[in-house]
Amino acid sequence: MYRIHGRNGLELGSNVARIYGKKIKFIVNFLASWARKKPHRLEYAKREGKLKEARLSETAPETISSFEGLSRSIAESRDDLLSTSAILESLILPACTNFGAIPPATTNGNIILSWNLDASHFLKLSMSKFPLYIRDLRGSIPYLCLGAPILYGIGMMNAEGLCCVVNACGLTDEGEGLSAIELNNIAMERCASVGDAAEIYRQNLRKAVRSMTLGMLMNFNTIWLDTKGGLSAFEYSHNHFHEEKAGERGTMASANHHQFLDRSLTGSHDPNTQDLIAGSYSRLARMWNLLEENYGKIDMLTAKRITSDHIPDYSTLKNFGIEREWWQEMPDDSTICAHAWNLKRHLLKGEIGKAFLELSYSMTIFSFQLEPLRYKLWFTNGHPCKRQAIPYHWGNLLGTSEKASKEEFALSPPAKVVHEKRGLFRENKNPTEAWMEKMWYELIEEVERHNFK
């Protein structure tokens, strides 16, 4: 059931409707109701939906066909589905800390890509307990996705072993083009190597939106890994793109700011221009330090320890006037395994906005580790410091070789789609959840209100 396939886009959309149709209809109706409450929201949704249709019609026409197939099957306007997809893309992934490692940094010739997904629990509540599925459209490479089929899916591993993990990045160099998720999807559908994926980013116009924290459309930093040992970080804005290769050392790390691209060109922020980004600098410094400490010894157990780490690193913040010891009061969002450490302090000071912001991005809701040589994904539902990492083998569903499909000591993905009975997009919210939902959207609008002009 997790392998959603189709001979063409229309059939793919129809198959998605059979499994997710009821839930998708509710998401569309919910977001449409929210958008109609204020004219600028409605205009934003309409505009972004039309822009999405225009760019995908040219670069990925079968994706438009899948929207059409879904539209016919659930009796919802295709325009409404495209607008819903554009809004959903804009509400995810406020923060993350990721790394990649290949020989000689790893043991036993293994290659590993890791993603701590830090976001509001609203994102988690809006998805199933097991938020992964396979997108398999005839004529393209099947790939494993995180998200909601058709509406949005972030490609993580394809049948050729190409893998990707992502995190959001605020910047000011904005412009129209393919969105972060669309670029990811096209690369997953067409590419087997990191170099080929880089060309997708170079050759296409890249959509980037001026944002600092909770931008209505976020921009991605990504790390890409392939089975031939290619490992690179991609950083971009509308006018600039850079691929940083891991090189002989074989390690790469990424957080929520540009570390390789010139920030004066992209407008990626530092603690002098946005104090909320200080945590990203702390997490990235700590990640590089841990990769160096464990160099040559990185395996899945080491990866588990790294993703569970709670120690901040302020070494890179000294240039911005932030000097303290690792054990002193932390900036928000400053540890790899993200917790709302300062929530109580903010509440006691009456800093309701800061408390809500920290809850919105300083929480690790999922952790993923990918081993493409084995077509294995380790999945942690919640904080990796508290929850078990469970290995799942995706070889069969991705259609890989018989040898690859016999991976031992790994579970097969669940046979049925598991739906959360309680989630963000539902009618029976209790008063507290309804209030938090209202606060979430109002906070996004307040923090990034310039995006609606």
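Throughout, read-outs are computed from the coordinates displayed, never taken from laboratory work. Quantities reported herein were computed from a predicted structural model and do not represent experimental measurements. Cβ atoms come from the backbone with ideal geometry, glycine included; neighbour counts cover every protein chain shown.
For the reader, a short list of remarks on this structure follows.
- Packing-based order for 280-288, 365-373, 236-244, using average beta carbon neighbours within 10 Å, highest first: 280-288, 365-373, 236-244
- Here's how it looks for ILE311: its modeled amide H is under 5 Å from those of ILE336, which are all 5 or more places away or on a different chain.
- Here the Karplus curve 6.51 cos²θ - 1.76 cosθ + 1.60, taken at θ = phi - 60°, turns the phi angles of region 158-174 into couplings of 9, 5, 8, x, 6, 10, 8, 10, 9, 8, 7, 9, x, 7, 10, 7, 9 Hz, with x standing for Gly and Pro.
- Under 5 Å between amide hydrogens, built in the peptide plane, is the criterion, and for TRP341 it picks out ASP333 among residues at least 5 positions away or on other chains.
- Entry note, region 150-280: relative contact order of 27 percent, from Cα contacts under 8 Å with a spacing of 6+ residues.
- Highest mean first, the peptides 6-18, 294-306 sorted by other C-beta atoms within 10 Å per residue fall in the order 6-18, 294-306.
- Database remark: amide H of ASN219 closer than 5 angstrom to the amide H of CYS169 (H placed geometrically; neighbours at sequence offset of 5 or more, or on other chains; Pro and chain starts carry no H).
- Sorting 165-172, 50-57, 266-273, 30-37 by their mean Cβ neighbour count within 10 Å, with the most densely packed peptide first, gives 165-172, 266-273, 50-57, 30-37.
- Karplus-derived HN-Hα couplings along region 350-357 (A = 6.51, B = -1.76, C = 1.60, θ = phi - 60°), whole Hz, x at Gly and Pro: x, 8, 4, x, 5, 5, 5, 4
- Using a cut-off of 22 Å between Cα atoms, the listed pairs LYS25/LYS52; LYS228/LYS376; LYS23/LYS124 include none that exceed that distance.
- Applying the Karplus relation 6.51 cos²θ - 1.76 cosθ + 1.60 with θ = phi - 60° to region 361-368 yields 3J(HN,Hα) values of 10, 9, 9, 7, 9, 9, 9, 10 Hz, where x marks Gly and Pro.
- The distance from the alpha carbon centre of region 141-207 to that of region 48-80 is 18 Å, rounded to a whole number.
- The separation of region 2-35 from region 338-370, counted between C-alpha centres, amounts to 32 Å.
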